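J.: Below is one structure. I have some questions about it.
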Number of protein chains: 2
Amino acid sequence: MRAEIIAVGTELLLGQIVNTNAQYIAQGCAGIGLNVYYQTVVGDNRERLRQTFELAASRADFVIVTGGLGPTQDDLTKDALAELLGLSISIHQPSMDKIVSLFRARGTEMVESNARQANLIEGCEPLSNDNGLAVGVALKHEGTHYVLLPGPPKEMKPMFDRYAIPWISSVMGEEAAPLHSKMLKFAGIGESNLEHRLIDLIEGQQDPTIAPYAKEGEVSIRLTTRAVTAEEAQRKLAATEREVRSRVGDHIYADSDVPIERVIVLQLAEAGKTLALAESCTGGLVSEMITEVAGSSAAYKGGIVCYTNEIKRNLLGVPAELLEGTGAPGAVSAETAVLLAEQVMERIGSDYAISVTGVAGPAESEGKPVGLVYIGLAERGRGAEAEKLQLSGNRESIRLKAAKHALYRLWQRLKK
Amino acid sequence: MRAEIIAVGTELLLGQIVNTNAQYIAQGCAGIGLNVYYQTVVGDNRERLRQTFELAASRADFVIVTGGLGPTQDDLTKDALAELLGLSISIHQPSMDKIVSLFRARGTEMVESNARQANLIEGCEPLSNDNGLAVGVALKHEGTHYVLLPGPPKEMKPMFDRYAIPWISSVMGEEAAPLHSKMLKFAGIGESNLEHRLIDLIEGQQDPTIAPYAKEGEVSIRLTTRAVTAEEAQRKLAATEREVRSRVGDHIYADSDVPIERVIVLQLAEAGKTLALAESCTGGLVSEMITEVAGSSAAYKGGIVCYTNEIKRNLLGVPAELLEGTGAPGAVSAETAVLLAEQVMERIGSDYAISVTGVAGPAESEGKPVGLVYIGLAERGRGAEAEKLQLSGNRESIRLKAAKHALYRLWQRLKK
């Protein structure tokens, strides 16, 4: 079966944003064996929207639209499609109730235009919006299937994955021979090193395919195969996974797309242990990552952002002579990293502690180069140790790599 | 005049890559006042290419195509267009010479298919490829103007900027008046409330245009006008900006695309004042945002992530009877927010302090609903106060909105 993807928004036509939604939807379609023949971007204009829908409907079994479901007068997607198909628009009461109760909880007046987000097209199925107000649409009409999704990615993606894909798959029936993939997540190893150690597998790949990805501070590999049943897929993926694990298994911290901080929170919670943090150059980033994990309060007690030497002295008891003066190791040193980890563990009363101190840039500090970072790791009853890193990239990238590496060190300790 | 952008490539339809080329070309068109009405992605298929070109030519003055100029049998852009227009294809000798000499320099045999990259369409002007082998095409035919560019961004971008844009501008003549825009950044006001207060301006907009954007926790407005000179643009933008400021100026923290944390760091540094943070539900996010700003150590001393009640008691001296027990206000309360801000200001020795305590979810806490957040703000010599918020969204979104709102409160205080 054939699909077309239509993204609605003048900001796309002006080049103000890049069309990542089309890529996301295209990947999802590929994942269930649905062929995408065209992608189109069209502005917030009723007549051009109508023409675009009409053309797509003449060519495709599925017309998947993203954008234009919001509250403003610019948001015309539902109106334009309803007009084209000669269908009426009406309010979806559960969505309307959600909007009303949200505004009530906020204690602010609901602006009338917000009601537009609860609109549905006659005869459609509503698609729930778990991260926003605009309800989505799944509609079969004269042999063509329409899916209307919101534009903001954080609303579009869950609606597409949770509600649109199952609806599309049920329409496709047996034609939906899905792609199955498995993600292996790595820590403490760079992309080029990882590729080097798997190069023969990557170059000789057929089925499953092996695709390495690098995001800032993290590397992952996706193994992908196409199969009708999950069992068949699992069998095909398992052999390749075994081979990868035999070479670089020490660095695999998860076999699904989870961040390392989530794994660490689980490790700590299962062991009944707690963590504290002392962050200098990362400025709260490690703490922010850990607390982004729901339920992290079971494992994480808290931390101190010791951004100045004054705070390192006053709140964490690092002696002035260690931090400043001729010949002193300085704030960016193994000695300070060790002391910060030990002290924050003591003061917060945790079982483990990590410290991060370094030069994030843009300028050098204490005569030390940008990218020099020390990670301290303390464990109750085992003392503390520090590791020296020389990281590359801009300020943001150095901070992120330092944070991820600190988490990698803790993960390594905890898995023992 | 009207333009359409067509990107050719099956890898786009499969979602393997994101269509950054369309964005780049769209920005370039906006920059010279050329209106883009549609963007299309189509695969490497001769018939569908031909149909796509035909449709675009029927609607646009400029059809700008990227991709499909390479050496393989999949690269069909020139052939499909020549076939549609009934024109012949022939070798462009300088491009051919370049290909031949490149292979000679490499010492490898030239594969015959590489010659395809030197192909030109009858009657066109060649567009030089400074970073690759495939020559581009600029062609006027029966009132429509075609521009064919390579797909790889490092080849496409210089060809577009250096050769295609000048050619398009010369065709447009005086119509090529560039767009000028100005960004106004807002804090402490939601998108729908902002729109509500500007609705007549937005609905009646002509020149300049007024476009509101919302990203997590932040709203902005872009004013855009078309003008030949910067002075003319400024004059046109200023009148609209004045009107916007007269209504919602209290919430405008910047007139360029900078985050509020950068403005705050500047405000503090200029006043020679310092900041400390006590974060509970945001877990270090505010601290991370502030320290992402290069030079923030001049204004930010540090903070305490008091993720558990134990830390609120032990490191920040919040009395146990305030936090726990029947009838106690609890950790998520105005009382605790005030005390956290006061205490962290004292202990860190700063001039200002912010505290954030709330329920980020997913589950309620202390019997209080997800999204309930208190922001504390302390100023040396002026004591502390707290504000109550009821935020919506998931855990990530609540944390982000709480952090941005805390920064908004501080900005508001500092600008006085």
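J.: Counting only DSSP beta bridges with both residues in region A:2-175, what percent are antiparallel, rounded to the nearest 5?
T.: Numbers: 11 of 28 bridges.
Bridges in region A:2-175 are about 40 percent antiparallel.
J.: Where the label is 7 Å out from Cα toward Cβ, how close does A:Lys416 come to the same position in every other copy, in nm, shortest first?
T.: For A:Lys416, the other copies' label points sit at 5.4 nm, shortest first.
J.: Return P(r) of chain B (all Cα-Cα pairs; 20 Å bins starting at 0; whole %; ordered from short to long distances).
T.: All Cα pairs considered, the percentages come to 22, 35, 29, 13, 0.
J.: Rounded to the nearest 20 Debye, what is the dipole magnitude of the protein assembly as shown about its Cα centre when Lys and Arg each give +1 and Asp and Glu each give -1 at the C-beta? Let's see the in-between values first.
T.: Working: 86 positive and 106 negative charges, 295 e Å.
Using only the charged Cβ atoms, the result is roughly 1420 debye.
J.: While we're looking at this one, here's another question. For Cα pairs less than 8 Å apart in space and 6+ apart in sequence, what is the mean separation divided by the residue count of chain B, i.e. the relative contact order in percent? If you can, show how the numbers build up before the last one.
T.: On the way: 815 pairs, mean separation 44.0, N = 416.
Worked out over chain B, it gives 11 percent.
J.: Only loop residues by DSSP count here, and only those with at most 12 other Cβ atoms within 10 Å; note down the GluC sites (Glu not before Pro) in region B:44-128 that meet that.
T.: Working: sites: B:Glu47, B:Glu54, B:Glu83, B:Glu109, B:Glu112, B:Glu122; in loops: B:Glu109, B:Glu122.
Sites meeting the loop and neighbour criteria: B:Glu109.
J.: Further question on the same structure: Treating only the Cβ atoms of Lys and Arg (+1) and Asp and Glu (-1) as charged, compute the dipole magnitude of region A:24-151 about its Cα centre; round to the nearest 20 debye.
T.: Values: 10 positive and 15 negative charges, 37 e Å.
In debye, rounded to 20, region A:24-151 gives about 180.
J.: Treat each spin label as a single point 7 Å out from the Cα along the C-beta direction, and report the A:Thr209 to A:Arg106 distance in nm.
T.: 4.2 nm
J.: Still on this structure, I have one more. Label-to-label distances across copies for B:Tyr213, with labels 7 Å out along Cα→Cβ, in nm, shortest first?
T.: 2.4
J.: I would also like to ask the following. Which values of log₁₀ I(q)/I(0), to two decimal places, follow from the Debye formula for the protein assembly as shown at q = 0.11 Å⁻¹ with a uniform point scatterer at every Cα?
T.: -1.44
J.: Averaging over every viewing direction, what projected area does the convex hull of the Cα atoms of region A:2-175 cover, in nm²? Please report the intermediate quantities before stating the final value.
T.: Numbers: hull surface 38.2 nm².
That works out to 9.5 nm², a quarter of the Cα hull's surface.
J.: Another question about this same structure. Can you list the distances in nanometres, one decimal and ascending, from the A:Ile89 label point to the identical position in each other copy, with the point 7 Å along Cα to Cβ?
T.: Computed spacing set for this position: 4.7 nm.
J.: Here's something else I'd like to know. Find out how many positive minus negative residues lie around A:Arg46, taking Lys and Arg as positive, Asp and Glu as negative, among other residues whose Cβ is under 12 Å from that of A:Arg46. Don't jump to the answer; show the numbers that get you there.
T.: Numbers: positive: A:Arg48, A:Arg50, A:Lys78; negative: A:Asp44, A:Glu47, A:Asp74, A:Asp75, A:Asp79, A:Glu83.
Taking every Cβ under 12 Å from that of A:Arg46, the sum is -3.
J.: Rounded to the nearest 500 deg cm²/dmol, what is the calculated helix-only ellipticity per residue at 222 nm for chain B, with -39500 (n - 2.57) per DSSP H run of length n ≥ 4? Don't skip to the answer; put the middle values down first.
T.: Working: 15 runs with 166 residues, N = 416.
Calculated at 222 nm, the ellipticity per residue is -12000 deg cm²/dmol.
J.: Would you list the membrane-span-like helices of chain B, meaning whole DSSP H runs whose alpha-carbon atoms span at least 18 Å along their axis and whose mean Kyte-Doolittle value is at least 0.0? Numbers along the way, then the final one.
T.: Numbers: long enough: B:46-59 (20 Å, -1.14); B:93-106 (20 Å, -0.29); B:230-248 (26 Å, -1.13); B:334-348 (21 Å, 0.57); B:395-415 (30 Å, -0.85).
Answer set is B:334-348.
J.: Which whole number in µm²/s is D for region A:179-254 by Stokes-Einstein, with the Kirkwood Rh taken over Cα pairs at 4 °C and 1.567 mPa s?
T.: For these conditions, the coefficient is 103 µm²/s.
J.: Oh, and also: Take B:Cys306, A:Cys281 and order them by how many other Cβ atoms sit within 10 Å, fewest up front. Mind dumping the intermediate values first?
T.: Working: B:Cys306 31, A:Cys281 25.
Ranked by crowding around the Cβ, least crowded first: A:Cys281, B:Cys306.
J.: Over 19 Å between Cα atoms, which of A:Lys401/B:Lys185; A:Lys154/B:Lys401; A:Lys273/A:Lys416 qualify?
T.: Details: A:Lys401/B:Lys185 30 Å; A:Lys154/B:Lys401 15 Å; A:Lys273/A:Lys416 14 Å.
From A:Lys401/B:Lys185; A:Lys154/B:Lys401; A:Lys273/A:Lys416, over 19 Å: A:Lys401/B:Lys185.
J.: Can you give me the long-range amide H partners of B:Arg2? Hydrogens built in the peptide plane at 1.01 Å from N, cutoff under 5 Å, separation of 5 or more residues or another chain.
T.: It is B:Asp61, B:Phe62, by chain and number.
J.: When only alpha-carbon atoms count, how far does region A:260-415 stretch along each of its three principal axes, as whole angstroms with the largest first?
T.: 46, 31, 22
J.: Would you order B:Tyr300, B:Tyr24 from fewest to most other beta-carbon atoms within 10 Å of each residue's own beta-carbon? Walk me through the numbers on the way to the answer.
T.: Values: B:Tyr300 28, B:Tyr24 19.
In order of increasing Cβ crowding within 10 Å: B:Tyr24, B:Tyr300.
J.: Give the residue from B:Ile6, B:Gln412, A:Pro126 lying farthest towards the positive end of the charge dipole for the protein assembly as shown; charges sit on Cβ (+1 for Lys and Arg, -1 for Asp and Glu) and the dipole is referred to the Cα centre.
T.: Of B:Ile6, B:Gln412, A:Pro126, it is B:Gln412.
J.: With N denoting the number of residues in region A:348-394, provide Rg(C-alpha) divided by 2.2 N^0.38 Å, to two decimal places.
T.: Working: Rg = 13.1 Å, N = 47, 2.2 N^0.38 = 9.5 Å.
In units of the 2.2 N^0.38 Å rule of thumb, it is 1.38.
J.: For a quick check: sort A:Leu340, B:Leu414 by the number of other beta carbons within 10 angstrom, fewest at the front. Show your work: numbers first, answer last.
T.: Numbers: A:Leu340 31, B:Leu414 18.
Going from least to most buried by this count: B:Leu414, A:Leu340.
None of the figures in this text is laboratory data; all of them are computed from the coordinates on show. The structure presented is a predicted model; accordingly, all values stated were derived computationally and were not measured. Because the Cβ atoms are built from the backbone with ideal geometry, glycine has one as well, and the counts that use them run over all protein chains shown.
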